[in-house]
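Written out below as structure tokens is the structure these notes cover.
The values are calculated or read from the model by the stated rules, or taken from the named source; none is laboratory data. Model, not experiment: these values are computed from the prediction. Virtual Cβ from ideal backbone geometry, glycine too; neighbours counted across all protein chains shown.
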Amino acid sequence: MRPAHALLKDGEARGFVVKRRRYHDCIVITAVHCLPFCPSPHPCSYWQELTYQRLLGPLGAEPTVCAQLLFADPVADIAVLGVPDGRLWEQADDYEALMASPHPLAIAEAPIQQRDHNAAECEARVLSLDGCWRDGRVERRHGWLAFFPEEFFEPGMSGSPIVNMSGKAIGVVSVDMRSPALVYNLPTGLLHSIRGAR
């Protein structure tokens with residue numbers, strides 16, 4: 001499994017690329033706390049308020065690429081970023097160029113809890129700071145994932161994907177015992193456009 005899908009944010013955190021079917025583009029999923037700021041909630045926000053400057057870049061490099069916030073849930077700690085507004089055509093071109101190199105991840109449902117159990121578990125992986133996959137297991141409680149062993153998480157791994165053993169993303173690294181499950185926490189329309197991508 002290639003780690004090239006992971007992207008840096010401000011040199012301190014990560015995100016990962018998934019593909020959308022409807023728009024034929026790639027977007028980045030990360031944790032809200034990885035963003036430099038979260039805009040005030042308002043349906044009429046200007047595109048300038050939703051655009052982050054020099055936010056994205058490949059692993060091991062300084063972030064130089066702009067991105068626009070498409071979705072954020074600060075309670076679940078999950079955010080989705082996309083191409084900047086078309087009026088920023090140079091920045092949009094830079095974003096598209098960056099998206100051409102990573103390998104987009106598919107997403108999948110984390111294990112579903114059974115009625116007679118408090119939690120469901122499966123084997124999973126996280127990408128370490130040195131670019132190696134670390135195997136462990138995930139325990140799901142409702143929309144939250146806990147990854148074991150906990151010491152696999154280090155500062156700087158926030159926003160990384162938690163992937164199942166088939167290489168599909170099931171969650172986002174947030175905090176040790178409370179990382180958001182993708183299928184549970186992403187909005188339905190966005191989820192449908194991602195899961196339908198080929």
- Message: Cβ-Cβ under 6 Å, sequence separation 6+ or interchain: first residue in the range 158-180 and over 19 Å from Leu59 (Cα atoms), partner of a type in the set (Phe, Trp, Tyr). Which pairs?
- Response: Asp176/Phe153; Arg178/Trp144
- Item | Conditions (1) outside any strand (DSSP E or B); (2) more than 18 Å from Ala61 (Cβ to Cβ); number of the one not met by Ser101 | (2)
- Given the conditions (1) in contact (Cβ under 8 Å) with a residue 60 or more places away in the chain; (2) assigned to a strand (DSSP E or B); (3) buried (at least 21 other Cβ atoms within 10 Å of the Cβ), report the number of the one that Ala110 does not fulfil. (2)
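For Glu49, are the conditions met, namely being surrounded by fewer than 17 Cβ atoms within 10 Å (Cβ to Cβ), among the acidic types (Asp, Glu) and free of Cβ contacts under 8 Å to residues at least 40 places away in the same chain?
Details: surrounded by fewer than 17 Cβ atoms within 10 Å (Cβ to Cβ): yes; among the acidic types (Asp, Glu): yes; free of Cβ contacts under 8 Å to residues at least 40 places away in the same chain: yes.
The answer is yes for Glu49.
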- Test Ala146 against the stated conditions and say whether it is free of Cβ contacts under 8 Å to residues at least 60 places away in the same chain and in the same structural domain as Val28 (by TED's automatic domain parsing). no
- Item | Residues of the range 12-59 satisfying the condition of being under 21 Å from Pro161 (Cβ atoms) and of a type in the set (S, T, N, Q) | Thr30
- Message: Here's a check for you: in the range 158-198, which residue that is among the basic types (Lys, Arg) and in contact with a strand residue (DSSP E or B) (Cβ under 7 Å, 6 or more places away or on another chain) is modelled with the highest pLDDT?
- Response: Lys168
- Filter result for Ala76 (part of a loop (DSSP other than H, G, I, E, B), within 27 Å of Leu145 (Cβ to Cβ) and either in contact with a strand residue (DSSP E or B) (Cβ under 7 Å, 6 or more places away or on another chain) or in contact (Cβ under 8 Å) with a residue 40 or more places away in the chain (or both)): yes
- Task: For the range 46-53, indicate whether the set of residues that are in a strand (DSSP E or B), of a type outside the set (S, T, N, Q) and within 27 Å of Phe153 (Cα to Cα) is non-empty.
- Result: yes
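Confirm whether Val138 is closer than 17 Å to Asp77 by Cβ, over 16 Å from the mean Cα position of the chain (by Cα) and at pLDDT 90 or above.
On the way: closer than 17 Å to Asp77 by Cβ: yes; over 16 Å from the mean Cα position of the chain (by Cα): yes; at pLDDT 90 or above: yes.
Against the criterion (closer than 17 Å to Asp77 by Cβ, over 16 Å from the mean Cα position of the chain (by Cα) and at pLDDT 90 or above), Val138 qualifies.
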- Query: So which residues in the range 124-135 are among the basic types (Lys, Arg) and more than 16 Å from the chain's Cα centre (by Cα)?
  - Reply: Arg134
